[in-house]
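Quick notes on the structure that follows.
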Amino acid sequence: MTKIIEKSSVPPRPSLESLEHKAVWLAFVLLAIGLHVFEAALPSLGPWFKFGLANIMTLLALMYLGARAAFTLAIARVIIGSMFIGTLFTPTFFISLAGALTAATVMVLLYKIFPRISLISLSVLAAVAHMSGQFVTVETWFIQQSALYYLLPPLLALSCISGWINGAIATYIWQKLKTERGL
């Protein structure tokens, strides 16, 4: 028996623009995961501190694809990256997820409120938010010691430095993308 498929039951083909958007998002996610895994192999500059290279991809996704893409990229790279490095559902995973969600939220909100904000400023503020989100998570769930607050100033200083560097890298890449893609 052959079943006749009605034309109306076949979903429409996605547009080339939609497919390109998904392909670019996937490329950004894969790069962010790669940076996440690469950075996990590097020595840490302090407790809960990594350079935040994957946040470069979140910044670029925000600029190129929009807020939703940037936010979902931040979540996807932490979940998938944690699967690769073996930290899924460990304290490290939850600390990383808290930082990524806080940073992505700050990026998106600031970009919506101040659309002409520089990527460096956005990156620095997101890095501070990332560290703050991680710090609150650690203090709330894992280490309830007042002495922990002595670590916050140097960690925030390191966050500002790494945020500036990542913002400068993101700005360079964004300028290249704009030139090559005619954005």
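LEU177 to ILE143: extension gain in nm, 0.36 nm per residue of separation minus the Cα-Cα distance?
8.0 nm
Of ARG116, ARG13, ARG77, which has the largest mean-square fluctuation in a 10 Å C-alpha GNM of the chain?
It is ARG13.
For the residues LYS22, LYS176, LYS50, what sequence is obtained by ranking on other C-beta atoms within 10 Å, fewest first?
Ordered by Cβ neighbours within 10 Å, fewest first: LYS176, LYS22, LYS50.
Classify region 101-166 as rounded, prolate or oblate, taking a ≥ b ≥ c as the square roots of the eigenvalues of its Cα gyration tensor: rounded when a/c is under 1.5, otherwise prolate if a/b is larger than b/c and oblate if not.
Taking the square roots of the gyration eigenvalues as a ≥ b ≥ c, region 101-166 is oblate.
Treat the count of other C-beta atoms within 10 Å as a stand-in for reagent exposure and order THR140, THR171, THR58 from fewest to most.
So the residues, fewest neighbours to most, are THR140, THR171, THR58.
Between TRP164, TRP25, TRP141, find the one with the highest GNM mean-square fluctuation for the chain; connect C-alpha pairs within less than 10 Å.
Checking each option, the largest mean-square fluctuation is seen for TRP141.
Listing GLU139, GLU20 from the residue with the fewest other Cβ atoms within 10 Å to the one with the most, what is the order?
Exposure proxy ranking, most exposed first: GLU20, GLU139.
Quick check: Cα centre of region 53-91 to Cα centre of region 116-167, how many Å?
Computed from Cα coordinates, the inter-centre distance equals 17 Å.
First check a/c for region 19-181, with a ≥ b ≥ c the square roots of the eigenvalues of its C-alpha gyration tensor; if it is under 1.5, answer rounded, and if not, answer prolate when a/b is larger than b/c or oblate otherwise.
Prolate is the answer for region 19-181, as a/c is 1.5 or above and a/b outweighs b/c.
Output the DSSP H helices from the chain with an along-axis C-alpha extent of no less than 15 Å and a mean Kyte-Doolittle hydropathy no less than 0.5.
Passing helices, by number: 16-41, 54-65, 67-85, 91-113, 119-137.
Any read-out appearing in this document is the output of simple, stated calculations on the displayed coordinates, not a laboratory observation. What you see is a predicted model; the values in this text were computed from it and never measured. So basically every Cβ, Gly included, is an ideal-geometry build from the backbone, and we count neighbours across all protein chains shown.
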